[in-house]
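The values are calculated or read from the model by the stated rules, or taken from the named source; none is laboratory data. The shown structure was predicted, so the numbers you read here are calculated from the model rather than taken from an experiment. Using ideal geometry, Cβ is built from the backbone for each residue, glycine included, and neighbour counts are taken over all protein chains shown.
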Amino acid sequence: MSETPDTAATTSTSTRYDRGLALLQEVSGDPVPAVLSSLADIAPDLARYTIEFGYGDIYHRPGLSLRQRQLINIAALTALGTAAPQLRFHINGALNVGVTPREIVETIIHMLVYAGVPAALNGMTVAREVFAERPSPEQTPLGDLARSQVRPAQTSEDRYRRGLAALKEIDGHAGEQVVAALQDIAPDLGRYIIEFSFGDIYSRTGLTLKERELASVAACTALGTAAPQLRVHIHGLLNVGGSREEVVETITHLTGYAGFPAALNGITAAREVFAQRDADPQTAGR
Amino acid sequence: MSETPDTAATTSTSTRYDRGLALLQEVSGDPVPAVLSSLADIAPDLARYTIEFGYGDIYHRPGLSLRQRQLINIAALTALGTAAPQLRFHINGALNVGVTPREIVETIIHMLVYAGVPAALNGMTVAREVFAERPSPEQTPLGDLARSQVRPAQTSEDRYRRGLAALKEIDGHAGEQVVAALQDIAPDLGRYIIEFSFGDIYSRTGLTLKERELASVAACTALGTAAPQLRVHIHGLLNVGGSREEVVETITHLTGYAGFPAALNGITAAREVFAQRDADPQTAGR
Amino acid sequence: MSETPDTAATTSTSTRYDRGLALLQEVSGDPVPAVLSSLADIAPDLARYTIEFGYGDIYHRPGLSLRQRQLINIAALTALGTAAPQLRFHINGALNVGVTPREIVETIIHMLVYAGVPAALNGMTVAREVFAERPSPEQTPLGDLARSQVRPAQTSEDRYRRGLAALKEIDGHAGEQVVAALQDIAPDLGRYIIEFSFGDIYSRTGLTLKERELASVAACTALGTAAPQLRVHIHGLLNVGGSREEVVETITHLTGYAGFPAALNGITAAREVFAQRDADPQTAGR
């Protein structure tokens, strides 16, 4: 640890600030981002760290697109429920970098599974305000959103079959084991996982399965209370086409949104999953 | 896991919606619950899931009364501190299904132990607003609430004796072990558990001991950061007359309020407690 | 546990109330603290517990100064992000007991590391409002705050060297091991810990290293999701001049702000750290 850091690390701080500011301008759509003016009289260094570290270091990394980073932010901040002003900023930011209103709404609905109804409702309240305030209503066509995006009513048996198929595709053995382990104590909770989480939510259109698993990994990392579920969904992300680099990148990204402890504990989960898959590629993969 | 699910699971989705809507109308006291109108233009499916899953599946379950479910909601949402709009809704809902203002206030005071003074103060702020806005003031007689509900000042020795008796009744050996383990490192914290948590709070009237333990299990499950304490209070709930079914039901209920990871991790704690009591019925029971 | 409690515990409740009220008056700067009037008509007992337990028991303890307790409160409430009204109260309280605006701002910036950018930004929003509302602007000279408090731009190599030196001084082997363990999976996250957390944040002036570690221990205890990091920073606090008594006192103090489970789990971490240092004084110390 005492050797000179790698090339990337020799970047001067002015470069980090400049590239961070350019990215923040792109995301915010504002040549003078509000964080600069609002902190100028009380904590200009906090604005500078946000730009240098949050945008110049973290956002500037390759490995995830701006679109993916914004979906991750919306997932994490909706799940946390403690950062409405920042959720508002990043819903606007998501629209600015090409995420559609439908994808934003889907990401918030997806959080039902990880953080419950209140978190999803409060996230949707912020989204509604952002959509209503956007200058060009044609950018946020609410008409499309007012239609249900799922197939009409079916029996719970249909939902169970559809959910079981989705569970197997996404989480493989890890997900099945979670449900099986509930049989002796809370079988209905296991049934809700299949019918609701996978039959209703994961089976929706509007986001790819990979985007859904990016959102799940983001939420479980940010919450910090869901280590077993984080491991299941790191498996899931890898099972639906995500790479180990994307897992690590998603967790690293959250340093800026939930702090270093959340990210470090997320990496601990990733390390365990990677080791498990190395030790038993067949079982872990599916 | 591939067999056809049980009878309950073959319920059609329209049945789930209809029975969910009827329950939501009862709790909200509103024939057109606000969640339907407020989400109609942006995410009608989120409203539908809230009704189908939140009310048609979860709330509709036997095993806990509507009254108990509302007390659990107030405990969990007060402890989380991230869902003021939903806490407001469920304080109103509690009044609508027959919970008294006194019981609501007691539940929020009980959260002092599990989430600290800020959570209790912020929960009480919401309760005060709800009580003030109710159409019929006679339904929420604040006069009664303005009187202290506990015996007048006594010495800490009295509080210690009273707390120790309550601790033994409620949490048996599990609680005593927690306090004993603090003797060598933070004996005053152990003393506060006895004097304050049990001598002051658990010894209050206004809720039964079983209701207090339902609230404690709800808070520890929802927070997700209190696994050791959740185990102690699952023992506690069983010790004061709760059944294993009620433990599982309380945790399952919280799926809708804190997400599946919180509920799954709660079930893990319940499984450990049940196994411990099966292995050693005498010690675990008391 | 059945013997008569120690002398402190025989304090009468009226004494606890009186000394608690005197302390609350000092912190709030108000002869009739708002918590009394605002709860009088709905939950007078909640006000009484806040005074008796929160101030008469906890705040009245020796072991930490009022200044330190207020810095701990600001750290914990900023990190939690669920208690804006109480954060506002305690920023005012900190100013009332002699904490400077600069120290308050530094404590909130320090939370970048433990709870991310949104928590720090929302904490700073509260601080800005408090500073603006104070009766005597000369008490809160924002002019000083509007200047950056760190040395001007340097290369990342400089930041890395400075951060590595700070990491070694503060967290000794525990911190180095965290960074080393990231080399095979997320080396850039390890680099950010050194460059950003230690090179940028811990290397700032405005708070002593001991005050920074008090804030870190407070944040990790209150969050309840950062047990490994809490252990690292308990080591850190001891390494920069804190005593075991101050560790236990900081964690005990948080009972009032984050509840008993958070404090109990914090004590579990402290017990592990103390045992590790007793077993291997050389390694653990540095």
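Residues in the stretch B:110-122 that are among the small types (Gly, Ala, Ser) and under 13 Å from the mean Cα position of the chain (by Cα): B:ALA115 only. Taking the stretch A:186-276 as the region of interest, the helices (runs of 4 or more DSSP H) fully inside it that hold 2 or more residues being under 29 Å from C:VAL232 (Cα atoms) are A:209-223, A:227-239, A:244-253, A:255-258. Every condition in (1) surrounded by fewer than 23 Cβ atoms within 10 Å (Cβ to Cβ); (2) farther than 22 Å from C:PRO62 by Cα; (3) aliphatic (A, V, I, L, M) holds for C:VAL240 except the one numbered (2). Considering only residues in the stretch A:164-209 that are under 20 Å from A:ALA115 (Cβ atoms) and of a type in the set (D, E, K, R), the one that is surrounded by the fewest Cβ atoms within 10 Å (Cβ to Cβ) turns out to be A:ARG204.
Residues in the stretch C:233-267 that are on the phi < 0 side of the Ramachandran plot and free of Cβ contacts under 8 Å to residues at least 12 places away in the same chain: C:SER243, C:PHE260, C:LEU264.
Of all residues in the stretch B:164-188, those satisfying the criterion of being in contact with a helix residue (DSSP H, G or I) (Cβ under 6 Å, 6 or more places away or on another chain) and either charged (D, E, K, R) or within 10 Å of another protein chain (Cβ to nearest Cβ) (or both) are B:LEU164, B:LEU167, B:ASP171, B:VAL179, B:LEU182, B:ILE185, B:ALA186. In the stretch B:174-186, the residues that are over 11 Å from C:ALA270 (Cβ atoms) form Cβ pairs under 8 Å with partners that are outside any helix (DSSP H, G or I), at six or more places apart or across chains, as follows: B:GLU176/C:MET1; B:VAL179/C:MET1; B:ALA180/C:MET1. Keeping to the stretch B:220-234, report how many residues are among the hydroxyl-bearing types (Ser, Thr, Tyr) and more than 8 Å from every other protein chain (Cβ to nearest Cβ). Summing the residues that are among the hydroxyl-bearing types (Ser, Thr, Tyr) and more than 8 Å from every other protein chain (Cβ to nearest Cβ) in the stretch B:220-234 gives 1. The residues of the stretch A:46-74 that are among the charged types (D, E, K, R), at the interface with chain C (Cβ under 10 Å from one of its Cβ atoms) and either surrounded by fewer than 22 Cβ atoms within 10 Å (Cβ to Cβ) or within 28 Å of A:LEU237 (Cβ to Cβ) (or both), listed by number, are A:ASP57, A:ARG61.
Each row is one residue, and each column tells you yes or no for (1) basic (Lys, Arg); (2) at pLDDT 95 or above; (3) closer than 16 Å to A:LEU39 by Cα.
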| residue | (1), (2), (3) |
| --- | --- |
| C:GLY116 | no, yes, no |
| C:THR125 | no, yes, yes |
| C:PRO137 | no, no, no |
| C:ARG147 | yes, no, yes |
| C:ALA166 | no, no, no |
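Would a scan of the stretch A:235-243 turn up a residue that is more than 14 Å from chain B (Cβ to nearest Cβ) and under 23 Å from B:THR255 (Cβ atoms)? Among the residues of the stretch A:235-243, at least one is more than 14 Å from chain B (Cβ to nearest Cβ) and under 23 Å from B:THR255 (Cβ atoms), which makes the answer yes.
Determine whether the stretch A:204-216 contains at least one residue that is within 24 Å of C:ASP184 (Cβ to Cβ) and within 13 Å of another protein chain (Cβ to nearest Cβ). No - not one qualifying residue is present in the stretch A:204-216. Among the residues of the stretch C:15-43, write down those that are at the interface with chain B (Cβ under 8 Å from one of its Cβ atoms), of a type in the set (A, V, I, L, M, F, W, C) and in contact with a helix residue (DSSP H, G or I) (Cβ under 6 Å, 6 or more places away or on another chain). The answer is C:VAL35, C:LEU39, C:ILE42, C:ALA43. Just to be sure, is A:GLU26 in a helix (DSSP H, G or I) and touching a Lys or Arg at 6+ places or on another chain (Cβ under 8 Å)? Criteria not met by A:GLU26. The residue that is surrounded by the most Cβ atoms within 10 Å (Cβ to Cβ), among those in the stretch B:149-163 that are at the interface with chain C (Cβ under 8 Å from one of its Cβ atoms) and either farther than 18 Å from C:ARG48 by Cα or modelled with pLDDT of 80 or more (or both), is B:ARG159.
Based on this model, can you work out whether A:ILE42 counts as among the β-branched types (Val, Ile, Thr), under 24 Å from C:THR78 (Cα atoms) and at pLDDT below 95?
Working: among the β-branched types (Val, Ile, Thr): yes; under 24 Å from C:THR78 (Cα atoms): yes; at pLDDT below 95: yes.
Taking the combined requirement at face value, the residue satisfies it.
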